[in-house]
Amino acid sequence: MRHQLIEQLTGVQSSKRNYYTELKKTVMKMQKKNLQLEIINDMMKSLNVEMPMDEMLKNILDKLKTMYEFDSISLSICQGETLVLTNFYPNEHDAMNHQLHDRSIYGRALDSGKMLYHTFEEETETISASGQSLKSMLVFPLYSKGTVIGVLGIGSKGIIEYDKSDGSFLQQLSDHFSVCLENARLYNEVLNAKKEWEDTFSAVTDLIFVLNLKGEILKVNASAKDYLQLKDAEETGRNIRRFLNHNEIEALMEDCLQKKKAALQEIRRADGQIFETTISPVLNEKKQMYGLILYLRNVSAKRKMEAQLVQSGKLAAIGELAAGVAHELNNPLTAILGNSQLLLRTANKDEPSYRLLTDIVNCGKRSKSIIQNLLTFSRQDEYFFEECSLNEVIDQYLSLIVYQIEKQNVRVEVVKQSPLPKINGNQKQIGQIMINLLLNAKDALENRSEKNKKVTISTASCLVKGKEWICLSVTDNGIGISDKQIQEIFHPFITTKKEGKGTGLGLSVSLGIAQAHGGTIEVKSEMGRGSTFTLFLPAIMDE
């Protein structure tokens with residue numbers, strides 16, 4: 001009975017000693033197999049897609065050393081048609097990106113697609129590349145979806161002894177490593193795609209918000225973060241209604257939620273900025289909406305430019321009409337002025353006709369001044385530029401009008417910067433700007449009390465964006481100008497004065513002259529406290 005049992009257990013006719021010997025061998029094989037399975041299991045658990053490749057190879061080699069006398073492990077990757085040694089552990093020398101020859105052990109394993117065993121009789125490419133004095137090596141091709149993507153090499157400073165089961169185990173280990181390698185590659189592809197998307201998202205200069213269906217911010221790009229001055233902690237969770245016009249954004253979101261289509265509308269923020277706003281639905285595979293994309297493009301400058309183009313078209317038409325009217329009136333006005341002045345010379349001052357002729361001459365001169373303004377407005381006048389000073393303009397032209405201002409009990413104060421850089425311009429035209437501004441200041445003071453009426457003329461130089469400008473300012477403490485009127489005062493034929501007091505061309509003509517000189521006119525005003533008009537002209541740059 002015992003002999004039968006021994007035969008059943010061993011499969012051979014043997015003694016008791018042979019029985020235990022064979023049993024021990026079977027147990028050792030099972031232990032080795034279990035250890036191999038543990039190595040594969042531990043390796044798969046320890047490896048992750050974010051682990052550096054050198055660390056991954058070190059973990060594999062440390063596991064294998066518990067069973068085999070291995071001293072090194074290397075990884076070679078196919079880059080196009082070239083096999084490149086990318087990692088070698090332990091790496092005594094820099095073996096990164098070492099191109100391998102097709103006839104090397106790595107190249108032959110790649111071509112054959114099978115495991116190869118090789119012993120080194122003398123120093124070869126592999127030894128010099130790794131800095132290791134290896135005597136033998138096992139090389140395994142790495143497969144991904146049926147294609148060889150690289151080669152895994154395991155080297156020893158001695159002669160590697162292995163049997164068929166060891167070869168199968170190591171090949172199985174290589175196959176699992178191929179899976180980890182492919183997972184890492186796919187993970188990096190996803191990571192790179194995510195980074196590219198985030199870089200693109202942040203690089204867009206327009207404002208982009210990712211919202212949930214309640215309007216709460218999930219994500220913003222850099223432009224939106226900067227514009228709204230959001231801190232990192234404030235980027236998410238806040239409702240978009242806090243930053244945009246509540247009613248307008250509410251209507252836009254409601255339209256998008258109901259129709260499940262993009263909704264477009266222009267929204268004006270409280271700071272006056274105009275945004276072309278688009279809300280688009282985010283749908284899943286079942287066409288169910290689970291989010292919103294809010295896209296805002298700042299079109300404030302565009303709308304301003306469009307308004308300026310419309311205004312330019314109007315001005316061009318008005319200018320052409322004004323030029324025609326001015327030329328048509330010049331001829332009869334010349335005759336009226338000339339004849340009335342001739343009659344005035346021979347008239348007796350005591351006769352009633354003398355006063356009538358005087359009125360005709362004065363009205364003719366006023367009409368001539370209006371026509372001159374019309375011609376200047378329509379750019380029909382030609383004038384020459386030369387080097388001049390705004391201080392000299394004040395000295396020359398203030399005397400022409402100061403009496404008329406002071407006659408209304410207005411105190412005139414002059415504050416000049418000295419020395420003042422020169423400008424390139426026409427002194428007569430700049431003088432006309434100053435006179436227009438002073439006359440406007442005088443008119444603004446008409447309804448003020450007799451006390452403390454004051455006009456200040458000042459010059460100064462200033463730097464704006466690295467460019468030097470010369471400024472001439474006229475400040476009054478008159479009635480001021482409303483915000484609505486400030487938007488229109490430079491338009492032709494627009495005036496804040498009483499009927500019959502102004503033509504509405506003074507500021508328009510003055511602005512045109514300033515722009516012809518490469519400058520501009522700015523105004524600051526407060527109702528009941530007065531106004532300041534400032535002429536900016538570019539200074540002559542020193543060569």
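The values are calculated or read from the model by the stated rules, or taken from the named source; none is laboratory data. Note that the structure is predicted; figures quoted are calculated from it, not measured. Note that we place each Cβ from the backbone using ideal geometry, even for glycine, and neighbour counts take in every protein chain shown.
Restricting to the range 157-169, count the residues that are surrounded by 14 or more Cβ atoms within 10 Å (Cβ to Cβ), assigned to a helix (DSSP H, G or I), out of contact with any helix residue (DSSP H, G or I) (no Cβ under 8 Å at 6 or more places or on another chain) and not charged (D, E, K, R).
Looking only at that region, the number is 1.
In the range 435-453, is there at least one residue being in contact (Cβ under 8 Å) with a residue 40 or more places away in the chain, outside any helix (DSSP H, G or I), in contact with a strand residue (DSSP E or B) (Cβ under 6 Å, 6 or more places away or on another chain) and of a type in the set (A, V, I, L, M, F, W, C)?
Within the range 435-453 (the criterion being in contact (Cβ under 8 Å) with a residue 40 or more places away in the chain, outside any helix (DSSP H, G or I), in contact with a strand residue (DSSP E or B) (Cβ under 6 Å, 6 or more places away or on another chain) and of a type in the set (A, V, I, L, M, F, W, C)), the answer is no, since none of the residues qualifies.
Within the range 393-415, how many residues are modelled with pLDDT of 90 or more and over 18 Å from N436 (Cβ atoms)?
Going through the range 393-415 one residue at a time, the tally reaches 2.
For Y397, indicate whether it is more than 21 Å from A514 (Cβ to Cβ) and of a type outside the set (A, V, I, L, M). Full working, then the answer.
On the way: more than 21 Å from A514 (Cβ to Cβ): no; of a type outside the set (A, V, I, L, M): yes.
Judged against the criteria, Y397 is not a match.
For the condition free of Cβ contacts under 8 Å to residues at least 24 places away in the same chain, among the small types (G, A, S) and either over 30 Å from R529 (Cβ atoms) or in the same structural domain as H517 (by TED's automatic domain parsing) (or both), what is the one hit in S399, S389, S418?
After ruling out the rest, the residue left standing is S399.
Can you pull out the residues in the range 320-356 that are charged (D, E, K, R) and either assigned to a helix (DSSP H, G or I) or surrounded by 11 or more Cβ atoms within 10 Å (Cβ to Cβ) (or both)?
Those that are charged (D, E, K, R) and either assigned to a helix (DSSP H, G or I) or surrounded by 11 or more Cβ atoms within 10 Å (Cβ to Cβ) (or both): E320, E328, R345, R355.
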